[in-house]
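The values are calculated or read from the model by the stated rules, or taken from the named source; none is laboratory data. Treat the numbers as computed from the prediction; the structure is a model and nothing was measured. Reconstructed Cβ throughout: ideal geometry from the backbone, glycine too, with neighbour counts over all protein chains shown. Side chains included, ligands, DNA and RNA excluded: accessible areas come from the protein's heavy atoms. Shrake-Rupley method; radii C 1.70, N 1.55, O 1.52, S 1.80 Å.
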Amino acid sequence: MPLPRTRRFATLRRSLRLLASFRHEQTAPEKFYRSLAQDTRLLIDALWHDTNTPHPLPGRSVLDVGGGPGYFADAFADTRYIGLEPSVSEMSAAGLTGYGAVRGDGTALPFRDSSFDVVYSSNVAEHIPNWQAMGEEMLRVTKPGGLTILSYTVWLGPFGGHETGFWQHYLGGDFARRHYEKKHGHPPKNVWGTSLFAVSARDGLAWARSLETSGRAQLVAAFPRYHPRWAWWVTRVPILREFAVSNLVLVLRVPSS
């Protein structure tokens, strides 16, 4: 699928802006996540327009799997937005109230089949051991003709180790954790084997293609989330994509019939 609006959105300026914002994730999370939320909204707007023209996104039902403390709610204020989060502490971390929030497990979503026009998950898959089960649930609750959008951090990319560093995870998740503890005197927020797991680009693409082969979903697009459009080609190159993609976006459309 050509995805003209999505490609116009994926500019070098946007990529540089997102890269600059990453330095605030630990020190100023509100600044980082609100910026990421706005970018997510614009990305989903573009994808929805490219696949559902002329039906606009405002007023549609949107499920955010792993919505956290609600930073994304404002960005989707003109939709019927629900954020799902398993952790009570994470839901209240920012002190935000008044947004549609549900406590639940992404691998067993507490919603009926075909409930939402858009179901997306941003940077959650790498934090759970059974991410495919979450993906299956996301598809289950997506309406026919709707979009399931799964975006996650690729383990061998520079951000695969999250706050443990840019290179340490290449020597193994346990090494990266120990190195972080020695340097900072406390464990990282994302602990290898407990709340951080290795998910490859190959894993995600294989899963998405298996859904397409079985007729359960159409793989509309697979591209690196933070790259400009002229660098999307790296997703098609085995091995290179594991190191260069950084964050993979899988866009799936549920068949209308």
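Amide H contacts of VAL141: SER114, each under 5 Å away and 5 or more positions distant or on a separate chain (H built 1.01 Å from N in the peptide plane; Pro and chain starts excluded). Here the chain has 57 percent of its accessible surface on carbon and sulfur atoms, given a 1.4 Å probe and all protein chains in place. Residues whose amide H comes within less than 5 Å of that of ARG225, counting only those at least five positions distant or on another chain, are ASN247, LEU248, VAL249 (H built at 1.01 Å from N in the peptide plane). Taking all protein chains into account, the per residue accessible area for segment 179-257 stands at 52 Å² (1.4 Å probe).
Rounded to the nearest 20, the Cβ-based charge dipole of segment 196-257 about its Cα centre (Lys and Arg +1, Asp and Glu -1) stands at 140 debye. Of HIS179, HIS169, HIS55, the residue with the greatest mean-square motion in the GNM of the chain, using alpha carbon springs below 10 Å, is HIS55. For the chain, the antiparallel share of DSSP beta bridges with both residues in that region comes to about 45%.
Averaging Cα coordinates gives a centre for segment 1-64 and one for segment 118-139; these two points are 18 Å apart.
TYR226 exposes around 30 Å² of accessible area when a 1.4 Å probe is run over every protein chain in place.
What does the helix-only formula give at 222 nm for the chain: each DSSP H stretch with n ≥ 4 adding -39500 (n - 2.57), the total divided by the residues, and the result rounded to the nearest 500 deg cm²/dmol? Taken over the chain, the calculation gives -10000 deg cm²/dmol. Amide H contacts of GLY67 (H built 1.01 Å from N, in plane; Pro and chain starts excluded): LEU84, GLU85 sit under 5 Å, all sequence-distant by 5 or more or on other chains.
For the chain, a Gaussian network of Cα nodes joined below 10 Å ranks VAL62, VAL237, VAL118 by mean-square fluctuation, and the top entry is VAL237. Restricting segment 97-161 to trypsin sites (Lys or Arg not before Pro) that sit in a DSSP loop and have at most 16 other Cβ atoms within 10 Å of their own Cβ leaves ARG112.
The heavy atoms of PHE175 offer some 60 square angstrom of accessible surface to a 1.4 angstrom probe. The GNM of the chain, with springs linking C-alpha atoms under 10 angstrom apart, assigns the highest mean-square fluctuation among ALA222, ALA37, ALA77 to ALA77.
Simple point charges give the picture: +1 on the Cβ of Lys and Arg, -1 on the Cβ of Asp and Glu, and for the chain a dipole about the Cα centre of about 740 debye.
Think of the chain as a dipole: +1 on every Lys or Arg Cβ, -1 on every Asp or Glu Cβ, centred on the Cα centre; then among ALA73, THR213, PRO158, PRO158 lies furthest on the positive end. Evaluating 6.51 cos²θ - 1.76 cosθ + 1.60 at θ = phi - 60° for every residue in segment 243-257, the Karplus couplings come out as 9, 9, 6, 6, 9, 9, 9, 10, 10, 10, 10, 7, x, 6, 8 Hz, glycine and proline recorded as x.
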